[in-house]
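> Dumping the structure here so I can ask a few things about it.
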Amino acid sequence: MGDLAQEQQKLIIYKTVTRSSVSLKFLVAIIFCFVPVVLSTGTARGQKTDPLVGKWSMTSTTSDGDEIPWSLTFSYANGKYSATSSYDQGEGPVKDLVVEGSKIHFRVPHEGDDYDIDLKLNGGSLVGTWSGNGMSGGTKGHKAASS
């Protein structure tokens, strides 16, 4: 009977170790599946979006009251802003872009002359002025709808 008691004891130990091993494997699988999901969700929520970055629908008004539609696209990479302006006659990068807090200044070429643009980010809009070639006027814009 001593051999039978030893075999039963080995069987009990084997079942206990097997159950513990299965439970441990299950726990490890759960951790590896859900930790990346939790981390990525937290990162996405923790990121702040830059209100300036993106495409803006702009309108500049001449001294005659004419409205000229154009677009302005800001991006931010490697600690630096860049921007591209676009209107019915072409597209290109803006020159001398300076962003200081909510104030923005740059130059855009138009019909052979450079025009200064001074804007202020105010909530969800850009408001400011343009000047160049002896003329000036107002400029305003809002974030373009995402497509």
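The values are calculated or read from the model by the stated rules, or taken from the named source; none is laboratory data. Keep in mind it's a predicted model, so treat the numbers as computed, not measured. Here Cβ is always computed from backbone atoms with ideal geometry, including for glycine, and neighbour counts include all displayed protein chains.
> When you check Gly2 against the structure, is it exposed (fewer than 10 other Cβ atoms within 10 Å of the Cβ) and modelled with pLDDT of 75 or more, yes or no?
no
> Another question, then. Can we say Ala144 is surrounded by fewer than 15 Cβ atoms within 10 Å (Cβ to Cβ) and either on the phi > 0 side of the Ramachandran plot or among the hydrophobic types (A, V, I, L, M, F, W, C) (or both)?
In short, yes.
> For segment 125-135, name all the residues that are in contact with a strand residue (DSSP E or B) (Cβ under 6 Å, 6 or more places away or on another chain) and more than 17 Å from Thr84 (Cα to Cα).
Ser125, Val127, Gly128, Thr129, Ser131, Gly132, Asn133
> Another question, then. Check every one of the strands (runs of 3 or more DSSP E) wholly within segment 88-147 and list those with 1 or more residues that are assigned by TED's automatic domain parsing to the domain that holds Ala77 and modelled with pLDDT of 95 or more.
95-100, 103-110, 113-122, 125-132, 135-143
> Can you tell me which residue in segment 49-73 is surrounded by the most Cβ atoms within 10 Å (Cβ to Cβ), limited to those that are in a strand (DSSP E or B) and without any contact (Cβ under 8 Å) to a residue 24 or more places away in the chain?
Ranking the candidates gives Trp70 first.
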